[in-house]
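Trainee: Attaching a single structure in structure tokens format; questions to follow.
The values are calculated or read from the model by the stated rules, or taken from the named source; none is laboratory data. These numbers were taken from a predicted model, which means no experiment stands behind them. Note that we place each Cβ from the backbone using ideal geometry, even for glycine, and neighbour counts take in every protein chain shown.
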Amino acid sequence: MAEVLVYVDHVDGAVRKPTLELLTLARRLGEPVAVHLGPGAETAAPVLAEHGATRVLAADAPEFADYLVVPKVDALEAAAQAVQPAAVLVPSSGEGKEIAARLALRLGSGVITDAVDVEAGEQGPVATQSAFAAAFTTKSRITRGTPVITVKPNSAPVETAPAAGAVEALEVTFGDLARGTKVVSRTPRESTGRPELTEAAIVVSGGRGVGGAENFAVVEALADSLGAAVGASRAAVDAGWYPHSNQVGQTGKSVSPQLYIANGISGAIQHRAGMQTSKTIVAVNKDPEAPIFDLADYGVVGDLFQVVPQLTEEVKARKG
Amino acid sequence: MSLRIVVAVKYVPDATGDRRFAADLTTDRDAVDGLLSELDEYAVEQALQIAEAADDAEITVVTVGPEDAKDALRKALSMGAHKAVHVEDDALHGTDVIGTSLVLAKAVEHTGFDLVVTGMASTDGTMGVLPALLAERLGVPQVTLLSQVSVEDGTVTGRRDGDAASEQLQASLPALVSVTDQSGEARYPSFKGIMAAKKKPVESLDLSDLGIDASEVGLGGAWSAVDEATARPARTAGTIVKDEGEGGKQLAEFLASQKFI
Ligand SMILES: Cc1cc2nc3c(=O)[nH]c(=O)nc-3n(C[C@H](O)[C@H](O)[C@H](O)COP(=O)(O)OP(=O)(O)OC[C@H]3O[C@@H](n4cnc5c(N)ncnc54)[C@H](O)[C@@H]3O)c2cc1C
Ligand SMILES: Nc1ncnc2c1ncn2[C@@H]1O[C@H](COP(=O)(O)O)[C@@H](O)[C@H]1O
């Protein structure tokens, strides 16, 4: 059976959830072979195996952390040459997309980004994507070379499917460009203790209507009562009320949770681009004409400072 | 010696319009008015700031696109870029990002560069991979997704705010940079800038000028294909209630009915 490469996104061997989703998709196309770069392969391997990885190709070198993108492309290219895969799946992050594109070019292959589903087709993998701020859904395929596809978080269920998943060393020779862009320093993002925005089952967001940084406590309290991640519109981010890493939309994160609650957000096209595919959408806005209500499964026309705290109390009460 | 900056800008259908696919499943460029991609305004802005900080710099804006794409070049020129290159050829219709990166790489090499600046993503295709592809083709360092950038003594430095960490990056020129919408508001063209732009040179190139065979681009030369595009079904109208003092509780009731609590 054909093998499918899955690029592992991890922090020192702690595998991030989107990679496990990729293993689910990879199993539809063939036998998943995970590619683990940097430290922690021995920690990651049992988790990858449990979710279907038949092998874990691992390489560790300081270059992966010290230089941007290209060393990882060199490693994936080596893996592709060794395995001759039927496809390569990479998580859709800023870095994941850059790695995938450069890899595709080197392999003489086409690239598809931001797939929300991948299935086996007669002429190779078929990727589902959202286009024009999720107004359209497309089905695409690679017509030349080894399909290289980046997949968004929350695109497939995480499934256990135990496989061998033994660690094998991957030989990597770095090319001339590998040390081109030096990472001079790195400041890790502080953990908020809340779920990762793109991976969360529930996202509670605030916009300009929240009116100030300190008022975001109202949004955070609701999020915490639901075990949700916190999002923000660009208006709230530009005003300096909430970090850009929490921005939802075209130039922020794209989320697709089970439940999205928009508070004081009008629903501009660029915001919708990042949340329109959420399963259930709820909006609280004092303007009955706000476009966000066109998307909402349930909407409350009212002042968020009345509605949201009441909702939070009610959630807490019901959860006991 | 003069710092040669090339900015790649795309002409895109206005995102606030009713964007669609044409019959051949390429982006319909007639249905909606086009403009300079808003995200590329940030690239032009950062190029202008880098040029202002350098003793001597020249900014060329480059686009690959249809006749109307000249509008995007004019806008960039009116913001302050010095000259423009327009790659236009009927054979380019339907080119995918791999093909576009080939054409842009040839155009940028034709122009000559020390620094290439791009936006973070186009607002129509939203792939965000062209900068990496262009760097790969040009064989120069990619210093991408920067929220802050500067160039000094032949070195480009910048900050990249990633998912897990914020990184300080550094590379030697020649290099390719892409900037995000966090890099700083783009300036509005002044009246003087708009008038001056009319006289600035725009060089038109076709595929043969760049030594590219038509079979390498266009729909036929694409390495990926869109087989289907369907309009997303309109979301079924939801329940909208007016808060009369119980809005939060009603919302909780809805969430409970959907098993969220
Ligand atoms: C290239 C480009 C990229 C962009 N990318 C993004 C992006 O990634 N993400 C994004 O979000 N935007 C993005 N935008 C900006 C987008 O166009 C909108 O400007 C932005 O989404 C508006 O944010 P908002 O809804 O919070 O603010 P507004 O549009 O000002 O809406 C605020 C809403 O709050 C309501 N409100 C006010 N007070 C209260 C109250 N007390 N209680 C209840 N409701 C209240 C108002 O009725 C209003 O509907 C982008 C724009 C461009 C041009
Ligand atoms: N046809 C084009 N002409 C010039 N520049 C382009 C073109 N397409 C993309 N770009 C540049 O590449 C960036 C990323 O585009 P994309 O990968 O298509 O999202 C844009 O912000 C532009 O700077």
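Trainee: Within segment A:277-297, which residues are touching a residue at least 60 places away in the same chain (Cβ under 8 Å) and either closer than 10 Å to residue A:264 by Cα or surrounded by fewer than 22 Cβ atoms within 10 Å (Cβ to Cβ) (or both)?
Mentor: Of segment A:277-297, the ones touching a residue at least 60 places away in the same chain (Cβ under 8 Å) are A:277-278, A:285-286.
Matches in segment A:277-297: A:277, A:285, A:286.
Trainee: Restricting to segment A:36-66, give me the number of residues that are part of a helix (DSSP H, G or I) and under 19 Å from residue A:179 (Cα atoms).
Mentor: Step one: list which residues in segment A:36-66 are part of a helix (DSSP H, G or I), which gives A:41-50, A:63-66.
Now restrict to residues that are under 19 Å from residue A:179 (Cα atoms): A:63-66.
Final tally of qualifying residues: 4.
Trainee: Shifting gears a bit: Quick one: which residue in A:134, A:163, A:100 is of a type in the set (A, V, I, L, M), facing another protein chain (nearest Cβ under 10 Å) and part of a loop (DSSP other than H, G, I, E, B)?
Mentor: Working: A:163 fails: facing another protein chain (nearest Cβ under 10 Å); A:100 fails: part of a loop (DSSP other than H, G, I, E, B).
Unique residue meeting the criteria: A:134.
Trainee: If I ask for residues that are in a helix (DSSP H, G or I) and aliphatic (A, V, I, L, M), which ones from segment B:82-110 would you list?
Mentor: Kept after step one, since they are in a helix (DSSP H, G or I), are these residues of segment B:82-110: B:90-92, B:97-110.
Passing the criteria: B:91, B:92, B:97, B:98, B:102, B:103, B:104, B:105, B:107, B:108.
Trainee: Another one. Failed condition for residue B:126, given (1) out of contact with any Leu (no Cβ under 7 Å at 6 or more places or on another chain); (2) at pLDDT 95 or above; (3) among the hydroxyl-bearing types (Ser, Thr, Tyr), with all others met?
Mentor: It is condition (2) that residue B:126 fails.
Trainee: Taking segment B:19-52 on its own, how many of its residues are farther than 14 Å from residue B:69 by Cα, in contact with a helix residue (DSSP H, G or I) (Cβ under 6 Å, 6 or more places away or on another chain) and not in a helix (DSSP H, G or I)?
Mentor: 0
Trainee: Here is a check on your reading of the model: is residue A:308 surrounded by 22 or more Cβ atoms within 10 Å (Cβ to Cβ) and either within 16 Å of ligand 2 (Cβ to nearest atom) or in a helix (DSSP H, G or I) (or both)? Break it down stepwise before answering.
Mentor: On the way: surrounded by 22 or more Cβ atoms within 10 Å (Cβ to Cβ): yes; either within 16 Å of ligand 2 (Cβ to nearest atom) or in a helix (DSSP H, G or I) (or both): yes.
The answer is yes for residue A:308.
Trainee: If you take the residues in segment B:53-78 that are within 13 Å of the chain's Cα centre (by Cα) and part of a helix (DSSP H, G or I), which one is farthest from residue B:154 (Cα to Cα)? Break it down into steps so the answer makes sense when it comes.
Mentor: First, the residues of segment B:53-78 that are within 13 Å of the chain's Cα centre (by Cα): B:61-65, B:69, B:72-73, B:76.
Going one step further and asking which of them are part of a helix (DSSP H, G or I), we end up with B:69, B:72-73, B:76.
Working: B:69: 32, B:72: 29, B:73: 27, B:76: 25 Å.
Filtering first and then ranking leaves B:69.
Trainee: State yes or no: is residue A:277 of a type in the set (S, T, N, Q), farther than 30 Å from residue B:17 by Cα and more than 7 Å from chain B (Cβ to nearest Cβ)?
Mentor: No: the conditions fail for residue A:277.
Trainee: Any residue at all in segment A:84-91 that's under 28 Å from residue A:117 (Cα atoms) and surrounded by fewer than 23 Cβ atoms within 10 Å (Cβ to Cβ)?
Mentor: Of all residues in segment A:84-91, those under 28 Å from residue A:117 (Cα atoms) come to A:84-91.
Filter once more, keeping what is surrounded by fewer than 23 Cβ atoms within 10 Å (Cβ to Cβ): A:84, A:86.
Within segment A:84-91 (the criterion being under 28 Å from residue A:117 (Cα atoms) and surrounded by fewer than 23 Cβ atoms within 10 Å (Cβ to Cβ)), the answer is yes, since at least one residue qualifies.
Trainee: The conditions are (1) within 16 Å of ligand 1 (Cβ to nearest atom); (2) under 21 Å from residue B:92 (Cβ atoms); (3) at pLDDT 95 or above, and residue B:111 fails exactly one of them. Which is it?
Mentor: (1)
Trainee: When the residues of segment B:127-139 are filtered to those that are touching a strand residue (DSSP E or B) at 6+ places or on another chain (Cβ under 9 Å) and at the interface with chain A (Cβ under 7 Å from one of its Cβ atoms), which remaining residue is farthest from ligand 1 (Cβ to nearest atom)? Before you say what the answer is, go through the steps one by one.
Mentor: As a first pass, look at segment B:127-139 and keep what is touching a strand residue (DSSP E or B) at 6+ places or on another chain (Cβ under 9 Å): B:127-136, B:138.
From what's left, at the interface with chain A (Cβ under 7 Å from one of its Cβ atoms): B:127-129, B:132-133, B:136.
On the way: B:127: 15, B:128: 13, B:129: 18, B:132: 20, B:133: 21, B:136: 26 Å.
Selected residue: B:136.
Trainee: Would you pick out the residues in segment B:153-192 that are within 10 Å of chain A (Cβ to nearest Cβ) and in a loop (DSSP other than H, G, I, E, B)?
Mentor: B:162, B:163, B:164, B:180, B:181, B:182, B:185, listed by residue number.
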